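To start, the structure under review is shown below, and the notes come after it.
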């Protein structure tokens, strides 16, 4: 964040007091005309300065030839001139003390080398004057709170509390066009364009402090600064919910994304892990994104995590209950007192258990009576109210009633599913205007509500993490540095088995005694040093499944056996993997059998070290029982990633077996996390297997690989 | 199906030529008035006979005191009189030769014992006269093809090719209210009500033959005749697609369902298996149900299973590609010829790879040029066309173009996602009227399309099954019957281990030689008969994990060891499971170790025998690697259920191991299927483990239980 903006806070970015529109045109149909018209018609109360050397006035406003001619402070300049003129305009803006540039003009990085050069010059100019830049190649910026539509979107969206940051401008035009129909209401809409300077991270920071924003909604195709993104997500998510749709998550989508914006699409696993671990609620689809956003923007976060369903039709009630079940939401237990009172006011055929079925002939009074009884209990605070248009149904009265209920019970969360169109149109608009979100189907209503309930957990979790900090262990940095430098000198992309052991030991991780031997004699020497019985394994960076190619001999008891094993391994490997580079054999002690797990690290290009834990042993590929977290790990994250796997059941003591030393595994994960954070040249670590012994007996690395 | 209806085909049920409305009322606001009004105003061309003893004419039609007074043939009588009068009306209808009763009146099974009695009397009367009954307690019947709205729904839906069978009347009112807005168009709408006689199975049969119906849509809360349902599903699904939403699938939903309709909600696994195995496409939500239905009703089934995406905005294109990836749809490879031609007509910034991004300033001509080139290849036959309302966008022209494209290329499947509302309203209605379904988001468009692509596979699969038949094996029925009868006489709910072995062997399944011993002496005798080494296991119906309670001793070599083992088992079991009934020990031979799998059967109360296959061994609970099919199994179903599991990789030969005798497992599954079909009193079979040996060496039941 540049200094000048820091000093002035986020005000010029979010709530500019004065706007210049550079390239304001008198000709209708030109973007420069549309933008100025939007600014004027949006109801912006601050100063508006059209800039255009060819005009004296546009849309009744005095026009300035250059920004430097304005002579009054300008917070934000919206630039819609042709790309070739953007740099000189930016210089002008800098001289005139403009704080934020919104560059709508296209013709930058998205067009190739020439454009990319222009874009980097633009950023140099901005830096020189400490200006921030939104775009270029964006739709603009909208702030409904101050009536500012500094974009070429054809409609000004309804005023509300969703703030949307989007990497796709076209998606914004689509949303803005649909918003009045769906009742979507926004506070800020930010089109990121090429993200040459300002990006989702800056706006997450700014919107976190914005009192008009109740939910931050992100549509992202790629994230450039992953490690900063997750850090900021954690800080922001404890203040307000962040809901994100990341596109390009499948292989097909990623290919489409990279040809579209050149975005690093990144791996699905890394994104999933990043979002979940750092408090970002991930939307599954566009529908889901805005269904949730509307709920966050209008409803309080329920505290009690259980749902009450009220309906005038059984079928839709069951669908809502199913959706709860699928999303892991509890249906509230109503208890004897509530059910007794419901029984008194509802007809005998009604169901007084959750879902509460008022049955088809329910008029508004029946909804009213039920809601009144239900609202008497403070812990019943999340309601899904369903209505189908049957013969006796009073949809509009029920809608008014719900709005009234909301205003009397501001701490209760209410979502509606008035299912229908023609007969319910009026009722649905009453709901929306009254701040009760309505969803076409009960399933979508429940899904949206589930995001709110999930957010309560997210917030608690992230707060806990922020308090926790990252455990530190003594680590022999000089030794590790020396080994890595040696490998660098030798131009090896991998480390030798004995080097791997040294590094792990330098982090305080126990490994089986291991010596690399390059001849049969060295192997015998190593065996004598380690003590019999020993294991011999082929040392080759190219061989993953060593035993499949006859590359492992275990339980060797004498020098003669070791010698023979050495030659057998060499012969077998040469036969099955003739192309593999073989560095000799690794001699190690026969470790006593423990429970086999795996620990790994893969450095994600966007988010940094991705730590893996899972079930080990020969069936690991069959079972695929793994969990992931991004480093640095807190202790509770390390514990959680173990608990998520089936391996946890094994370690806890499966079917009468004694429990294993889970604490030792936690420490191993934390040490690997620390190692990965401190030595950024390490690309990948693969410990497979790690033997875990009984409680208090620790764990032992039996085989490991490191690439850098 | 009653004889008279069979003779007349399904005509009176679907396309009645004459209608009586019994209970037709002159008073507005009465259901009897609304129904007659709907029939009259719907445009029904057949004869309409209001019946009401208190009126001479209603809505300008001559009114009859009783049905027997009409004196002309009546195909369908719609009954809206109070419940108490329904039986006498039904008698009248029977005497007058009415073929189908549509009983809208409530007051039957849903109200309790008295109503249930009335319902069964109604059915007796219907049977006596060979009438069929829809309802009671239903919304009625709608057929847009003949302009018949014999329901109290407040709107007549648009005419189309979706036929909807619903167990919830309220859901129908909601849908009918929403249909004009969503562009849903129906052929038949059937409200099943209490399903006293006609149910989803009857209508599936009827609609399969109905030329106006292109897709059968089911909303079900429960299925009464599961085994018939799956048989009919298979037959119908090869003729036209069946899409079903089953509610009450989660525990919460099932509880809600059972309190609502008293439906047997049934197990999620059984429903999932039934639908998938017998060709019913399962919808995940209401949105999904009707999104798919609209696509089926308007589009041909694509043959080539790969998708072309055309868009004027990158972001939504990526979302569509993601949706394809998630649903396992291939993006079509365009090839050099097509991309070269696209390159010629599209601007340089456009993306000519799938998704094809025409970019933001695309007018209609660019869509036209691209579609023309793409349509030249016969194997490109599934298109998702996305449009966002940007500055230059010509939405209506593009809509017209797509409609035109469809009429010129009737064999191509086209779904649209015109993303917006206000500016796109006109364009979207052009699409709908032109038979191109439009979806609010690209994700929903792709999901709907995926159902069509999936159906092509479903149809092939079901055709294959129908041709295949069920393999038969010799089986000693008398022996099995004798054993079951013996257990019945002893009032045991389970079979003794030696009985289990006998039954399995009677089906031709190999089991380890097994003898039940009730004393140490009997154990020794058994061991001598079987031959050493032997295994002793406690025989108790209450002990599942025998080794956890010290109930297993293996590798016993002498009479003394067997004796000792017997007493140790008894002592250990008495200590760990003091309450368990213990029948002695099972002595069996030490089977050579094979790959461990499990085979099971559980009789589902709705769908019959549910066969299970999965990975066995001690980690079975950890891994939960199982697949299910309903009996009777065809050979390819048995093969598939093995291939679906991770155990398959193990059996194929995992990491260099020799392949196992998969064929022997297939036969075991088929024999268990046959056993379960023939002996319906067997409730559950659990073979765990089944040892599978190398190819051609068969498999062996090591432990098994049977309950009946």
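The values are calculated or read from the model by the stated rules, or taken from the named source; none is laboratory data. Only a predicted model underlies this, so the values are computations on that prediction, with no experimental measurement involved. All Cβ positions, glycine included, derive from the backbone under ideal geometry; neighbour counts span all protein chains shown.
Data overview
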read-out	value
Residues of segment A:343-354 that turn out to be in a loop (DSSP other than H, G, I, E, B) and either within 12 Å of chain B (Cβ to nearest Cβ) or surrounded by fewer than 17 Cβ atoms within 10 Å (Cβ to Cβ) (or both), as a count	7
Which numbered condition residue A:35 fails, given (1) out of contact with any helix residue (DSSP H, G or I) (no Cβ under 8 Å at 6 or more places or on another chain); (2) surrounded by fewer than 16 Cβ atoms within 10 Å (Cβ to Cβ); (3) within 14 Å of chain B (Cβ to nearest Cβ)	(2)
Answer residue from segment B:461-484, given it is outside any helix (DSSP H, G or I) and without any contact (Cβ under 8 Å) to a residue 40 or more places away in the chain and is surrounded by the fewest Cβ atoms within 10 Å (Cβ to Cβ) among those	B:474
Residues (touching a helix residue (DSSP H, G or I) at 6+ places or on another chain (Cβ under 6 Å), at pLDDT below 95 and more than 11 Å from every other protein chain (Cβ to nearest Cβ)) located in segment B:226-248	none
Residue that is touching a strand residue (DSSP E or B) at 6+ places or on another chain (Cβ under 7 Å) and within 20 Å of residue A:108 (Cβ to Cβ), where the choices are A:74, A:31, A:78	A:78
Verdict on residue A:586 being touching a helix residue (DSSP H, G or I) at 6+ places or on another chain (Cβ under 8 Å), part of a strand (DSSP E or B), crowded, with 20+ Cβ neighbours inside 10 Å and within 14 Å of chain B (Cβ to nearest Cβ)	no
Residue A:373 being modelled with pLDDT of 95 or more, more than 23 Å from residue A:306 (Cα to Cα), more than 14 Å from chain B (Cβ to nearest Cβ) and touching a helix residue (DSSP H, G or I) at 6+ places or on another chain (Cβ under 9 Å)	no
In segment A:168-192, the residues that are more than 22 Å from residue A:295 (Cα to Cα) and at pLDDT below 95	A:168, A:169, A:170
Answer from A:564, A:536 - the residue that is over 38 Å from the mean Cα position of the chain (by Cα) and assigned to a strand (DSSP E or B)	A:536
Residue list for segment A:645-666, restricted to those being away from every other protein chain (no Cβ under 14 Å) and farther than 15 Å from residue A:690 by Cα	A:659
Helices (runs of 4 or more DSSP H) enclosed by segment A:108-214 - at least 2 residues per element that are under 18 Å from residue B:421 (Cα atoms) and within 13 Å of another protein chain (Cβ to nearest Cβ)	A:169-182
Number of the condition not met by residue B:274 [criteria: (1) within 13 Å of the chain's Cα centre (by Cα); (2) closer than 23 Å to residue B:194 by Cβ; (3) not in a helix (DSSP H, G or I)]	(3)
Filtered residue count, segment B:380-391, keeping only those that are surrounded by fewer than 22 Cβ atoms within 10 Å (Cβ to Cβ) and modelled with pLDDT of 95 or more	0
Subset of segment A:428-441 that is in contact with a strand residue (DSSP E or B) (Cβ under 8 Å, 6 or more places away or on another chain) and part of a loop (DSSP other than H, G, I, E, B) - its residue that is nearest to the other protein chains (Cβ to nearest Cβ)	A:441
Residues being in a strand (DSSP E or B) and more than 14 Å from chain B (Cβ to nearest Cβ) - total across segment A:601-644	14
Residue within segment A:450-460 that is under 30 Å from residue A:296 (Cβ atoms), touching a strand residue (DSSP E or B) at 6+ places or on another chain (Cβ under 6 Å) and either crowded, with 17+ Cβ neighbours inside 10 Å or modelled with pLDDT of 95 or more (or both) present	yes
Selection count where residues are buried (at least 16 other Cβ atoms within 10 Å of the Cβ) and outside any loop (DSSP other than H, G, I, E, B), scope segment A:545-561	7
Identity of the residue in segment A:305-327, surrounded by fewer than 24 Cβ atoms within 10 Å (Cβ to Cβ) and in a helix (DSSP H, G or I), that ends up nearest to the other protein chains (Cβ to nearest Cβ)	A:325
From A:426, A:363, A:372, A:400, residue being without any contact (Cβ under 8 Å) to a residue 12 or more places away in the chain, more than 35 Å from the chain's Cα centre (by Cα) and assigned by TED's automatic domain parsing to the domain that holds residue A:309	A:372
Meets criteria (surrounded by fewer than 23 Cβ atoms within 10 Å (Cβ to Cβ), out of contact with any strand residue (DSSP E or B) (no Cβ under 7 Å at 6 or more places or on another chain) and either in the same structural domain as residue B:22 (by TED's automatic domain parsing) or not in a loop (DSSP other than H, G, I, E, B) (or both)) for residue B:53	yes
Criterion violated by residue A:296 - all others in (1) surrounded by 24 or more Cβ atoms within 10 Å (Cβ to Cβ); (2) within 14 Å of another protein chain (Cβ to nearest Cβ); (3) modelled with pLDDT of 95 or more satisfied	(2)
Segment A:390-427 - residue that is within 18 Å of residue A:442 (Cα to Cα) and assigned to a helix (DSSP H, G or I) and, of those, farthest from the other protein chains (Cβ to nearest Cβ)	A:402
Answer from A:251, A:268, A:337 - the residue that is free of Cβ contacts under 8 Å to residues at least 60 places away in the same chain and away from chain B (no Cβ under 14 Å)	A:337
Residue match in segment A:328-342 (condition: in a helix (DSSP H, G or I) and under 38 Å from the mean Cα position of the chain (by Cα))	no
Failed item, numbered, when residue A:675 is tested on (1) away from every other protein chain (no Cβ under 12 Å); (2) touching a strand residue (DSSP E or B) at 6+ places or on another chain (Cβ under 6 Å); (3) buried (at least 18 other Cβ atoms within 10 Å of the Cβ)	(2)
Where residue B:384 falls short, out of the listed (1) touching a residue at least 40 places away in the same chain (Cβ under 8 Å); (2) within 14 Å of another protein chain (Cβ to nearest Cβ); (3) more than 17 Å from residue B:301 (Cα to Cα)	(3)
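Okay, residues lined up against (1) at pLDDT 95 or above; (2) surrounded by 22 or more Cβ atoms within 10 Å (Cβ to Cβ); (3) not assigned by TED's automatic domain parsing to the domain that holds residue A:159:
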| site | (1), (2), (3) |
| --- | --- |
| A:45 | no, no, no |
| A:69 | yes, no, no |
| A:80 | yes, yes, no |
| A:93 | yes, yes, no |
